Amino acid sequence: MGGSARTGWEISLGDEAYPRSLLELERPPEELRGLGDPGALSGPCLAVVGARRATPYGLAVAEMAARVAARHGITVVSGGAMGCDRAAGLAAVAAGGRSVIVSGCGADVVYPTSSQDVFEATLSSGGAVLSLERWGAGPRRWAFPKRNSVIAALSQVLVVTEAGLRSGTMSTAEAAVELGRAVYAIPGSIFSPASSGTNRLAAEGARIIPDERSLEIALSLDFDAVPMAGPTPDRSGGPVATALLASPSRPDELAARLGEDVLTLLRTLTDLEARGIVERLPDGRYSPTRAYLMGQNGVSQRFG
């Protein structure tokens with residue numbers, strides 16, 4: 001990373017460089033501090049938000065949304081947290097776009113430390129890390145609601161990838177609605193607590209994004225950008241892979257749902273895991289991998 005990317009800057013309310021979108025907040029921040037290119041704050045921007053403890057589905061959705069935004073020349077805004085934030089920021093940079101992280105700590109503090117890679121990638125690719133807090137400030141609970149409002153204000157569109165009913169993601173969505181921003185909700189399984197908030201947003205009027213092509217079209221309307229057709233992911237598979245798409249499950253639950261013997265099902269899961277199609281979550285449930293959900297070559301072939 002070049003030295004200029006690490007050079008800190010400060011922008012005051014009323015300065016010419018102050019992002020105009022933040023003036024729509026009821027109480028615009030008096031001071032902004034950051035690293036990287038402050039021009040990245042001026043848009044066009046799209047926020048990608050979601051669960052910190054995301055499922056492989058949520059991570060794949062965040063990556064997809066960020067990749068599509070990058071293809072349209074739209075800067076991806078997130079909070080830099082683990083989970084969907086980190087996945088979105090890295091995907092935007094990998095797709096040749098740029099990212100903005102709005103931190104709840106000082107702009108020179110990486111939080112959480114597991115997000116070091118996305119902070120580095122954001123700065124090295126022409127993006128910015130923005131903060132409302134003083135230099136060196138550590139995490140404080142009261143700082144994050146303010147951070148969430150700034151994420152919503154910077155962005156013309158907010159994409160909610162995966163969220164529970166009570167979460168920081170939902171507070172960001174509420175802020176976006178109050179500001180008149182477009183909110184896109186990518187639905188998940190009705191049986192997944194991780195998607196309960198996202199599904200509620202869809203029921204309450206958020207724009208439903210059922211697939212990647214729909215996101216391309218939505219962005220073409222809201223950003224006046226030309227949609228670019230991409231390959232359609234191949235997710236054809238057998239009954240086990242299909243059942244796990246609906247909801248991550250434990251082997252006994254999945255066996256009962258499919259009418260299979262548990263031992264037979266365990267052998268199938270072991271084979272699918274070895275082939276990169278499913279993975280075992282920390283709580284013992286099995287879920288499709290991100291590679292399978294994204295339909296990547298070499299994984300989406302010959303599913304059992």
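Considering only protein heavy atoms, what per residue accessible area in square angstrom results for the chain with a 1.4 angstrom probe?
46 Å²
How long is the gain from ILE217 to GLN116 if the chain were fully straight, where each residue apart is worth 0.36 nm and the alpha carbon distance is subtracted?
Full extension from ILE217 to GLN116 adds 33.1 nm.
For the chain, give me the percentage of DSSP beta bridges that are antiparallel, rounded to the nearest 5 percent.
Here the share of antiparallel DSSP bridges comes out near 40 percent.
Given the DSSP H assignment, sum -39500 (n - 2.57) over each helix run of at least 4 residues in the chain and divide by its residue total; what's the result at 222 nm in deg cm²/dmol, nearest 500?
Working: 11 runs with 111 residues, N = 304.
Mean residue ellipticity at 222 nm (helix-derived): -10500 deg cm²/dmol.
Over the stretch 1-118, what is the relative contact order in whole percent, taking alpha-carbon pairs under 8 Å and six or more residues apart?
22 percent
State, as an integer percentage, the relative contact order of the chain based on alpha-carbon contacts under 8 Å between residues 6 or more apart.
Computed over the chain, the figure is 16 percent.
Taking θ = phi - 60°, what integer Hz values does the Karplus form 6.51 cos²θ - 1.76 cosθ + 1.60 yield along the stretch 106-114, in sequence order, with x for Gly and Pro?
Listing the rounded values in order: x, 5, 8, 10, 8, 9, x, 5, 5 Hz.
Using only Cα atoms, locate the centre of the stretch 262-285 and the centre of the stretch 63-128, then give the distance between them in Å, rounded to an integer.
Each part reduced to its Cα centre gives a spacing of 31 Å.
Roll a 1.4 angstrom probe over the protein heavy atoms and tell me the percent of accessible area of the chain that is carbon or sulfur.
51 percent
I'd like the projected area of the chain, averaged over all directions, using the convex hull of its alpha carbons. Report it in nm² with one decimal. Before the final figure, lay out the partial values.
Working: hull surface 62.7 nm².
Mean shadow area of the hull around the Cα atoms is 15.7 nm².
For VAL159, list long-range residues whose amide hydrogen, built 1.01 Å from N in the peptide plane, is under 5 Å from its own amide hydrogen.
Distant-sequence amide H within range of VAL159: ALA47, VAL48, VAL49, TYR184.
Quick one: 3J(HN,Hα) in Hz for the stretch 184-191, Karplus 6.51/-1.76/1.60 with θ = phi - 60°, rounded, Gly and Pro as x.
My calculation for the stretch 184-191 gives 9, 10, 9, x, x, 4, 5, 8 Hz in order.
Could you work out the local net charge near GLY259, counting Lys and Arg as +1, Asp and Glu as -1, over the other residues with Cβ closer than 14 Å to its Cβ? Don't jump to the answer; show the numbers that get you there.
On the way: positive: ARG257; negative: ASP252, GLU253, GLU260, ASP261.
The answer is -3.
Kindly write out, for the stretch 156-170 in residue order, the coupling ³J(HN,Hα) from the Karplus curve 6.51 cos²θ - 1.76 cosθ + 1.60 (θ = phi - 60°), rounded to whole Hz, with x marking Gly and Pro.
6, 9, 10, 9, 9, 8, 6, 7, x, 5, 10, 7, x, 4, 5
All other residues with a Cβ under 13 Å from the Cβ of ARG181 taken together, and with Lys, Arg as +1 and Asp, Glu as -1, what is their net charge?
Combined, the nearby Lys, Arg, Asp and Glu give -3.
The values are calculated or read from the model by the stated rules, or taken from the named source; none is laboratory data. Everything quoted here is computed from the prediction, not taken from an experiment. Please note: Cβ atoms are built from the backbone with ideal geometry, for glycine as well, and neighbour counts cover all protein chains shown. These area figures cover heavy atoms from the full protein model, side chains too; ligands, DNA and RNA do not enter into them. Shrake-Rupley method; radii C 1.70, N 1.55, O 1.52, S 1.80 Å.
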